[in-house]
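Working notes, structure below.
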Amino acid sequence: MSSEFRELLKKVGSGAHTHKDLTRLQADSALEMMLTGKATPAQIGAFLIAHRIKRPTGEELAGMLDCYTRLGVMLPPLSSTIYPLTILGIPYDGRTRFAPISPLTALILSSIERPVLMHGGTKMPTKYGLTLAEIWTSLGIDFTQSSLTDVEKLLNDAHFGFLYLPQHFPLAHKLVQYREEIGKRPPLATLELIWQPYAGNSHLMAGYVHPPTEKMIRTALELRGIKQFTLIKGLEGSPDLKLEQTNIIVVDSVDSIEGFKYLKVNPLLYGLKGKDPILSDSQAYFTELRKTIEGENTSLTMSAIFNGGFYLWRCGVTSSIEEGLTLAESLIKAGKLQTQLERIKN
């Protein structure tokens, strides 16, 4: 048993009125002891549930990200591009209600040589939803066995990469079991949204659900000196924009005293009126996804155009969302996504 960890556990778990927040360094140390096994399973479980009840702070998240940076994988700067690497922060426990659009977004961006990195893991509590790894496997690409060298090469050659948690950050993957045992997503799950395993210039584009989480993420990013970010209150906590309502988005802003500003992006303003595609069956989704990539008009096409257009604008490819929508639609209809998928496969 770690006596040092026990003291940190006492700070976060001493009750509603007497608990104390951890410093950035303490949060870093606590996560390191959990990842490396210096803390016992009982201590880890107790910490994760106590930390959830207490609610994490931005400073604590910054410290935990420090630990991820030190102990986790770190991809070197790309040699094949001058553009920032777009890192998509998507919940690891997958999707259960709405069809994922992010694979299409990734293909749109990478098809015009804007590099994209995704990361994810296995089927995971609490949702046990459809995972990114499963989606790419359905498209004929198995990222679960890729070496780190494979990931680096693919990023440089095809401008797309995928990090698989069990393969590339097994220390973090070992903590996944505690999600099932405590029955809740611990605050550690927020780290997967804002983890940036890349040493070069990057643009974090992450999802969130609750406004307090957005504020907490902003604080963590500010403490870590992250200047380029886009936080989207998207479908199921992902950075997939919604078709059925105005999207609340937080972006970095050098013109703002606070360093950020809020955007409200309504699809109706761009002539897009539709329903967010439901995820009723994985196989049906895989079929629709393949058809969309091939350039057919499907239930996913409007969402793909909307998301693609916004991302193209935020990544600096176009000067407006309208131009982005036009470009996204042309890339899809011209079969560029299929060409890019084949490039990634090869």
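Scanning the range 222-242 for residues that are in contact (Cβ under 8 Å) with a residue 40 or more places away in the chain and either in contact with a helix residue (DSSP H, G or I) (Cβ under 7 Å, 6 or more places away or on another chain) or more than 19 Å from Asp255 (Cα to Cα) (or both) gives Leu223, Arg224, Thr230, Leu235, Glu236, Gly237, Ser238, Pro239, Asp240, Leu241. Answer with yes or no whether Thr190 is under 18 Å from the mean Cα position of the chain (by Cα), β-branched (Val, Ile, Thr) and either closer than 19 Å to Leu263 by Cβ or open to solvent by 10 Å² or more (accessible area, probe 1.4 Å) (or both). Answer is yes for this residue.
Any residue in the range 173-183 that is open to solvent by 40 Å² or more (accessible area, probe 1.4 Å), under 28 Å from Tyr128 (Cα atoms), modelled with pLDDT under 95 and small (Gly, Ala, Ser)? The answer is yes; a qualifying residue exists. Of the residues Ile49, Ile82, Ile112, the single one that is open to solvent by 10 Å² or more (accessible area, probe 1.4 Å), within 24 Å of the chain's Cα centre (by Cα) and free of Cβ contacts under 8 Å to residues at least 24 places away in the same chain is Ile82. The set of residues in the range 198-225 being aromatic (Phe, Trp, Tyr) and in a loop (DSSP other than H, G, I, E, B) consists of Tyr208 alone. For the range 5-76, the helices (runs of 4 or more DSSP H) that sit wholly inside it and include 2 or more residues that are at pLDDT below 95 are 41-54. Against the numbered list (1) within 15 Å of Arg6 (Cβ to Cβ); (2) surrounded by fewer than 20 Cβ atoms within 10 Å (Cβ to Cβ); (3) among the aliphatic types (A, V, I, L, M), Ala30 comes up short only at (2). Among the residues making up the range 79-106, those that are under 30 Å from Arg24 (Cα atoms), in contact with a helix residue (DSSP H, G or I) (Cβ under 7 Å, 6 or more places away or on another chain) and in a loop (DSSP other than H, G, I, E, B) are Ile90, Pro91, Tyr92. Among the helices (runs of 4 or more DSSP H) confined to the range 120-197, the ones with at least 1 residues that are in contact (Cβ under 8 Å) with a residue 60 or more places away in the chain and among the small types (Gly, Ala, Ser) are located at 132-138, 148-158, 170-173, 188-194. Within the range 271-326, the set of residues being open to solvent by 30 Å² or more (accessible area, probe 1.4 Å), in a helix (DSSP H, G or I), over 28 Å from Ile82 (Cα atoms) and of a type outside the set (S, T, N, Q) comprises Ala284, Glu288, Arg290, Lys291, Met302.
Total residues in the range 244-262 satisfying the condition of being over 23 Å from Gln196 (Cα atoms) and open to solvent by 10 Å² or more (accessible area, probe 1.4 Å): the figure is 6. Lys333 meets all of the listed conditions (1) within 20 Å of Glu113 (Cβ to Cβ); (2) surrounded by 15 or more Cβ atoms within 10 Å (Cβ to Cβ) but one, namely (2).
The values are calculated or read from the model by the stated rules, or taken from the named source; none is laboratory data. Only a predicted model underlies this, so the values are computations on that prediction, with no experimental measurement involved. We place every Cβ from the backbone using ideal geometry, glycine too, and count neighbours over all the protein chains shown. Note: accessible area is taken over every heavy atom of the protein model, side chains too, but ligands, DNA and RNA are not part of it. Shrake-Rupley method; radii C 1.70, N 1.55, O 1.52, S 1.80 Å.
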